[in-house]
1. Count, please, the residues in region 451-476 that happen to be in contact (Cβ under 8 Å) with a residue 24 or more places away in the chain and in a loop (DSSP other than H, G, I, E, B).
2. Does Ala105 count as closer than 25 Å to Gly324 by Cβ and modelled with pLDDT of 85 or more?
3. Does Gly68 fit the bill of being part of a loop (DSSP other than H, G, I, E, B) and within 29 Å of the chain's Cα centre (by Cα)?
4. Could you give every pair whose Cβ atoms fall below 8 Å, whose first residue belongs to region 196-220 and is of a type in the set (Lys, Arg), and whose second residue is modelled with pLDDT of 95 or more, counting only separations of at least 6 or pairs across chains?
5. Identify all residues within region 427-456 that are in contact with a helix residue (DSSP H, G or I) (Cβ under 6 Å, 6 or more places away or on another chain) and within 24 Å of Gly470 (Cα to Cα); write none if there are none.
6. Filter region 150-176 for residues that are crowded, with 20+ Cβ neighbours inside 10 Å and part of a loop (DSSP other than H, G, I, E, B); which is modelled with the highest pLDDT?
7. Looking at region 380-408, which of its residues are in contact with a Leu (Cβ under 8 Å, 6 or more places away or on another chain) and in a helix (DSSP H, G or I)?
8. Does region 346-374 hold any residues that are of a type in the set (D, E, K, R), surrounded by fewer than 24 Cβ atoms within 10 Å (Cβ to Cβ) and either within 14 Å of Ile322 (Cβ to Cβ) or touching a residue at least 24 places away in the same chain (Cβ under 8 Å) (or both), and which are they?
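The values are calculated or read from the model by the stated rules, or taken from the named source; none is laboratory data. Keep in mind it's a predicted model, so treat the numbers as computed, not measured. Reconstructed Cβ throughout: ideal geometry from the backbone, glycine too, with neighbour counts over all protein chains shown.
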Amino acid sequence: MALSGPEIQANLRAFVDRWLDYDGTEKAEAQTFLNELFAAYGSDRLDVGAHFEDFRTSAGFMDLHWPGICIVEMKRPGTDTATARDQIRRYWTESADEDTDQRAARYVVICSFQHLEIWQPGEFPKNPRVSLALADLPDRYDVLAFLAGPNVEPSFLVHDREMTKEAASHLAAMYESLVDRVAAPPQDIQRFVMQSVWCMFAEDLKMLQDWPFEKTVEKLLRDPEPNSARELGWLFEILNQKGSQNRIGDLAGTTYVNGDLFAEPAKVMLNHDELRHLRQAISFNWSQVDPTIFGSLMEGVLGDRRWELGAHYTHEVDIMKIVGPTIVRPWNERIAATETPQQARDLLDELCSFRVLDPACGCGNFLYVAYRELRALESQLKQRIRDLARETGLPEPAGPWPFVPLTNMQGIEIEPASALIARVTLWMGHRQMIDLYGEAERPLPLVTLGTIQTADALRVPWPETDCIVGNPPFMGASHLRAAQGDNYVDWLKKAFGVGIRISASTGSGALRNIYCRGSVPAWWRRTRCRRTWGDPHPSTTCSLGAGPSRRRSRRSDGLVRPRCTSPSSTGGLVATTLVPFSTASK
C-alpha cells in the first residue's frame, strides 16, 4: 500500500539515524542500505523490478538498476560523489536498449551513504538536480519520490518548509488571539491575515518597494496606543487604488494590486502582542515560502471547523501521485514524440490551453502543484522546439510563444476563507514560476482568479475543463447527518442515489453505495459523469496507489466510459483526464 508523505518522512528519520554514522566499506552494506531506502518509501526493490549488480558491457556493473526509472552508484563513506560522474554517464547511456525498446533511466543517483547527488541526465545533463546530505533527506524526501513507485514524480524545487511552518504558526497565533477577543468579524480577520501574507511575500520579491508593510508594523509597535485599523487599513486601501494619488512617504513604493485581494481592505485593531507575532512573521524570507505546505496556515484560519468540513493538508509526494501520472507523464511522452520544430510548436498551443479543475480545492495545494508542473512542461517544450530546430536544420517557429496562463487553474471551494487562501497560494506560485521559467502574465496587477469559485461543488455546475484532480472531502458516514443536517443528507440521497442506514441502537447514519461509505461517493460519481466539449469522456482515471486505468466499455449511446477504480482503497485522491470523443480508442 502506498505510504503518505508523513509516513515516508518518519521512515526516513529512522533510516537516517541508522546510517548517518556508518563508516564501513561500500560492498559490505550497500545493498542493505538500498533495500532499506526503498522500504522507507513504501516500495519493495524486488517487486518493482530493480536489480543489483546489473552488467553492461563497456560500463561495468551498476550497483542498482531499475530499468527505465533509475540507476544508483554507491561509494564508500567520505568519497566525493563528483568523482563518479563520468562513470554514471556511461551507465546511463548503456541503460537504454533499442532491441527491447527499453528507454534510458530517468534518474541517476550517486550515493556515498552520508551524501547524495541526484541527476536527471536526459533533461538536465550538465549538473545534478540536487546535492544534499543524508541528514537532510527527511525534510526533502520528495527528491527521491520516484522510489515510491514508477508513477510518482519527484520535486527538485528548493523551498524553506520549516520557515513556512514557523511563519504560519505566528500568523495562526495572531489570528486566534484576534478571534478570541472578537477584534473584528471573523471574515474581516481572515481577510486581514491573507492581505498581510501577500504584502510580506510581495515585499521580499520586490513587488512592493521600500518595505511599506514592515515599516508600518514597526511604527505601530513603537506607538503606546497603536491604531492598526487606521494605518494598515490605509495601506491596504492604497493597494486597491489606481493612479499615484496618496502614494507618498512610506507608501511611495506601492502600486495597484487588484486581483480582488484588496477590494475590501481589512481594518482590524491589533494589540502589541498580536503586532509582535506579525513582526515575527515579517522577519522570515517570504520569497522562499513553500506554497505546497501553505495549507498549514489554513489550519490556523479554520480552527475547529477543520474536522467538521473534512479539510486536511496533503503532502506534495501524495499530490504528485496524482499530478505525475495524470498530467506530467502523458505530456512528457507527447513532448518526446515530437519530430519537427513546428510539430512541437503546435503542441505548445495545446499545452498552454490545458485546464485543470479541483472541485474541492481547499487551500489550493493541488492546483499550485499542477500549475508548477505545467510551467515546467512549458519550459521543457520550448527547449524541445529549439533543440529540434538545431538538430533538423528546420527554421524555429516565429514568436511570441504562449505560456500557461494562471487562469487555467480552476477550483471550487465551499469555505470562503479557504478559497481566499487558494487564490493567494496561486498568486505566490505564479510569481515564483516567473523566476524559474520566465515569461507569464505580469505579476501586477494580480491576475483576477474568478476561476476559483466559492460554492458547494455538489450543487453547482462544473466548468468545462481538461483534467480533474483533487482530494475529495471525506466525512465519515456516522457524522454526516449530524454535521450537515437532514435536508442535506436527503438531497444527497436523491441527487446521487446513495442510501442512508440508521442504526436503531445508536441512531448513527451510514452512507452506502457501490464504492465506499462517507461523503466521497457523491464526488466520485460527479467526477465520472463530467462532460465537456459536447460529448467527451473520462479517458484516464487515476487514484492514489493505482496507475492510469484505460479499460473502457462502450455504452448504448456510443460514448466510451472507463471502469473507474474505487477511491475508498486509495485515500480518496482522484484524477480524471478528459479528452474529446474523437480521440478515444474504440
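1. Filtering region 451-476 for residues in contact (Cβ under 8 Å) with a residue 24 or more places away in the chain gives 451-458, 460, 462-476.
Subset that is in a loop (DSSP other than H, G, I, E, B): 451, 455-458, 460, 462-466, 471-476.
Counting residues in region 451-476 that are in contact (Cβ under 8 Å) with a residue 24 or more places away in the chain and in a loop (DSSP other than H, G, I, E, B) gives 17.
2. On the way: closer than 25 Å to Gly324 by Cβ: yes; modelled with pLDDT of 85 or more: yes.
Here the answer is yes, as Ala105 does meet what is asked.
3. Working: part of a loop (DSSP other than H, G, I, E, B): yes; within 29 Å of the chain's Cα centre (by Cα): yes.
Answer is yes for this residue.
4. Correct list of pairs: Lys219/Glu231.
5. Residues satisfying the conditions are Met428, Gly429, His430, Met433, Val447, Leu449, Thr451, Ile452, Thr454.
6. Looking at the filtered set, the residue picked out is Pro154.
7. Initial filter on region 380-408 (in contact with a Leu (Cβ under 8 Å, 6 or more places away or on another chain)): 381-382, 385, 388, 394, 401-402, 404, 406-408.
Leu381, Lys382, Ile385, Leu388, Leu406, Thr407, Asn408, listed by residue number.
8. Pass one, region 346-374, residues of a type in the set (D, E, K, R): 346, 349-350, 355, 358, 372-373.
Cutting the leftovers down to surrounded by fewer than 24 Cβ atoms within 10 Å (Cβ to Cβ) gives us 346, 349-350, 355, 372-373.
Of everything in region 346-374, those that are of a type in the set (D, E, K, R), surrounded by fewer than 24 Cβ atoms within 10 Å (Cβ to Cβ) and either within 14 Å of Ile322 (Cβ to Cβ) or touching a residue at least 24 places away in the same chain (Cβ under 8 Å) (or both) turn out to be Asp349, Arg355, Arg372, Glu373.
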